[in-house]
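Report on the following structure.
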Amino acid sequence: LVKSVRYPNNFWLHNDSGDSPIIYRVNESLDILQEVKIESAENIDWEDIAIGNYKGTSTLFIADIGDNFGVRNSITIYVVPEPGPNAKKAAFKKKVELFYEDGPRDAESLIFDSTTKELIIISKRDIPSRVYSIDLEDSNASTLRFQGVVNLPNSDNVKKKDLYLLTAADSDDNGAIILKNYLGVYYYAPDIQR
């Protein structure tokens, strides 16, 4: 689920693995306002969706990144301009096929950084979760580079295997980041000095 830029108080969402490659625009009551099929796309295991300004256009980034058993040779991000209000179909501007530099990972969290034009993916089953990124502007790049790990606070003495099951992420143009697992939501505010 991601908040629309083009339509105030609306959201874009999609279903999980095995469904058709369709996104839905809904209002705050979750009434479906629009159903858009992404042409020539495949939903192997869609897990997250991000939004941001890319090349001057409000753009959706649909993350086909799920891999419960860690066996996929590659994952895919579909880069789709936010559809018009009457669109029933949309073509992706770019299909980005990616490989992890250190082998397959299961992931459900995608962030698009509008400032650096990076796609950032956070793994789900690693303890702690691992962070990977790629420069979307580099047309030759296909390898997700390891950037570090996520250190989540654990004040409730939750088992680490449960703490790092991250299922969604989001960010804004000011640098704030939200991470979600099955237990809660973690908000990281940007450094005011930057």
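What is the distance, in nm, between label points placed 7 Å from the Cα along the Cα-to-Cβ direction at Ser40 and at Ala189?
In this crude label model, Ser40 to Ala189 measures out at 4.5 nm.
Report, by chain and number, residues whose modeled amide H sits under 5 Å from the one on Asn15, excluding near sequence neighbours (fewer than 5 apart, same chain).
Here the answer is Ile22, since their amide H atoms fall under 5 Å of that of Asn15.
By how many nm would the segment from Thr143 to Val5 lengthen if fully extended, with 0.36 nm per residue of separation less the alpha-carbon distance?
Full extension from Thr143 to Val5 adds 46.8 nm.
Which of the lysines could a cross-linker bridge to Lys93, judged by Cα under 27 Å and excluding same-chain residues fewer than eight apart?
Answer for Lys93, where 27 Å is the Cα cut-off: Lys3, Lys37, Lys55, Lys117, listed by chain and number.
Quick one: accessible area per residue over the chain, 1.4 Å probe, rounded to a whole number of Å²?
53
What number results when the radius of gyration of region 1-158, computed over Cα atoms, is divided by 2.2 N^0.38 Å?
Output field value: 1.05.
GNM on the chain, C-alpha springs below 10 Å: top fluctuator among Ala63, Ala87, Ala168?
For the chain, modelled as a Gaussian network with Cα springs under 10 Å, the answer is Ala87.
Take every Cα-Cα pair in region 66-194 and report what % of them are more than 18 Å apart. Provide the component values of the computation, followed by the final result.
Details: 4775 of 8256 pairs.
So the pairs more than 18 Å apart make up 58 percent of the total in region 66-194.
Relative contact order for the chain: what is it in percent, counting Cα pairs under 8 Å that are at least 6 residues apart?
Rounded, it is 13 percent for the chain.
With n ≥ 4 as the cut-off for DSSP H runs, can you work out [θ] at 222 nm for the chain, using -39500 (n - 2.57) per run divided by the number of residues, rounded to the nearest 500?
Calculated mean residue ellipticity at 222 nm is -500 deg cm²/dmol.
Evaluate the Kirkwood expression for the hydrodynamic radius of region 3-80, namely the inverse of the mean inverse distance over all pairs of different C-alpha atoms, and round to one decimal in Å.
One over the average 1/r among Cα pairs gives 13.3 Å for region 3-80.
Run down the lysines and flag those whose C-alpha is under 20 Å from the C-alpha of Lys161, throwing out any fewer than 8 positions away in its chain.
Hits, sequence-local ones excluded: Lys124, Lys180.
Give the Debye-formula value of log10 I(q)/I(0) at each listed q (0.17, 0.21, 0.26, 0.30 Å⁻¹), with one equal scatterer per alpha carbon of region 152-194, two decimals each.
-0.52, -0.70, -0.89, -1.04
Choose one answer from Pro128, Pro81, Pro153: the residue with the largest mean-square fluctuation in a GNM of the chain with alpha-carbon springs under 10 Å.
Highest fluctuation of the listed residues: Pro153.
Leaving out ligands, DNA and RNA, what percent of the accessible area of region 54-194 is carbon and sulfur, probe 1.4 Å? Mind dumping the intermediate values first?
Numbers: 3690 of 7560 Å².
Roughly 49 percent, rounded to a whole number.
The values are calculated or read from the model by the stated rules, or taken from the named source; none is laboratory data. All figures in this text were calculated on a predicted structure; none of them were measured in a lab. Note that each Cβ is placed from the backbone with ideal geometry, even for glycine, and that neighbours are counted across all protein chains shown. Only protein heavy atoms, including side chains, enter the accessible area calculation; ligands, DNA and RNA are left aside. Shrake-Rupley method; radii C 1.70, N 1.55, O 1.52, S 1.80 Å.
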